[in-house]
Amino acid sequence: MKINKIHIPPIKIQGIKTKLVFWIKENISLSEETRWIEPFLGSGVVGFNLAPQNAIFADINPHIINFYKQLKEEKINSFIIKQFLIKEGKTLSEKGVEHYNYVRKRFNDEKNPLDFLFLNRSCFNGMIRFNKNLNFNVPFGHKPERFSKAYITKIINQVKFLETVFRKKNWIFKIQTFEDTIKEARKDDFIYCDPPYIGRHVDYYDSWDKNDEKKLHEALIKSGAKFILSTWDNNQYRKNEFLNTIWKDCHKLNKEHFYHIGAKEVNRNPIIEALIMNFKPRDNTVKINVNKFNQINMFDRFIGTQIHNIQ
Ligand SMILES: C[S@@+](CC[C@H](N)C(=O)[O-])C[C@H]1O[C@@H](n2cnc3c(N)ncnc32)[C@H](O)[C@@H]1O
């Protein structure tokens, strides 16, 4: 499993874990036989780049899975997608928001994965958001010239990477809840979980609460398989309380990311990311206790990697 460069998938999603791929890779060892199980696929950036030979990729959002499934089954391909984006992009440049709204209505009626890609790449901020009637409701991103030649080439290169890996791999795509996906896991599988952040409730397919977090923990422990969960640990305002309660029987690794909003240090917005796992990680680890960890200065540029093992 060698990765030289991270390939960004064609579906954009909030909370994409591009920055975590190398970190996750450092902490796992997958044999040729290990089956990778990813119940919260999203864009797929983690699993697609780690590229295990065998995998189940699942998500409760049917449109994400349908897009990848149709690509895997060669019902759509980079040629079809390119022609589609050229045609629809041309009409978008002529009619602007009117055409965006036309495609959005068509997608909500027909659920065509090509329309889903078009909307995902031209909507406001690349958001994926569905209302309770299961309609995609994100407004236009206000760029009628969105599908320039260069932008279409970028998307098509992203699709071509997937076409190449999909052909070589034994990957199954499923629309289902995390409970159903984890039920399929065997002891020798490896499960990677990246659930939504708690309490955001902006999207029908992306709501998450304490009960879901508890159910996820129970399901993972019951599976008997090795797992990694990626989540947030703390930022300057809040900390993730569930790490010391629901996930207290697990190991934890931390890393800090800075999100630069401006040049001044006070404008930097650090977030401590966490990997939670039920096995001892391979990373360079320091054992620390809960209280000491919580006193770490948030503005330290690099906290490093720490293991937190609460018994
Ligand atoms: C944070 S995103 C995953 C991002 C992904 N790791 C990436 O890097 O692109 C969470 C995903 O979980 C899916 N999801 C939300 N609730 C779910 C549930 N109960 N069962 C399965 N998937 C769910 C959402 O549709 C969303 O795609």
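Computed from the coordinates by the stated procedures, all read-outs in this text should not be read as laboratory data. Keep in mind the model is a prediction, meaning the values are calculated, not measured. Neighbour counts run over all protein chains shown; Cβ positions are idealised from the backbone, glycine included.
When Rg and the Kirkwood radius Rh are both evaluated on Cα atoms of the chain, their ratio Rg/Rh stands at 0.98. Counting only C-alpha contacts under 8 Å and six or more residues apart, can you give the relative contact order of the stretch 111-200 as a whole percent? Over the stretch 111-200, the number comes to 14 percent.
For Lys143 and Lys5, the difference between the fully extended length at 0.36 nm per residue and the C-alpha to C-alpha distance is 46.7 nm. Net charge in the neighbourhood of Leu229 (other residues with Cβ under 10 Å of its Cβ; Lys, Arg +1, Asp, Glu -1) is -1.
Quick check: the distance between the Cα centres of the stretch 153-203 and the stretch 107-148, to the nearest angstrom? Cα centroid to Cα centroid, the span is 20 Å. Of all aspartates and glutamates in the structure, those lying under 16 Å Cα to Cα from Lys168, and not within fewer than 8 positions of it along the same chain, are Glu32, Glu33, Glu73, Glu74. Compared with the direct C-alpha span, the chain from Glu241 to Lys174 gains 21.0 nm at full extension, assuming 0.36 nm per residue.
Against the chain, whose longest principal axis comes from its Cα atoms, helix 149-168 is set at around 60 degrees. Estimated purely from DSSP H runs of n ≥ 4, each contributing -39500 (n - 2.57), the mean residue ellipticity at 222 nm for the chain is -10500 deg cm²/dmol once divided by its residues.
Simple point charges give the picture: +1 on the Cβ of Lys and Arg, -1 on the Cβ of Asp and Glu, and for the stretch 1-154 a dipole about the Cα centre of about 440 debye. Over the chain, Cα pairs under 8 Å with separation of 6+ residues give a relative contact order of 18 percent. Global dimensions of the stretch 72-162 from alpha-carbon coordinates: Rg and Dmax equal 12.7, 36 Å. Extending 7 Å from the Cα toward the beta-carbon at both Asn77 and Lys187 defines two label points whose distance is 4.4 nm.
A full extension of the chain between Arg106 and His257 corresponds to an added length of 50.4 nm, given 0.36 nm per residue minus the alpha carbon distance. Ordering Val165, Val21, Val45 from the fewest to the most neighbouring beta carbons within 10 Å gives Val165, Val21, Val45. Relative to the dominant Cα principal axis of the chain, helix 113-122 is inclined by about 80°.
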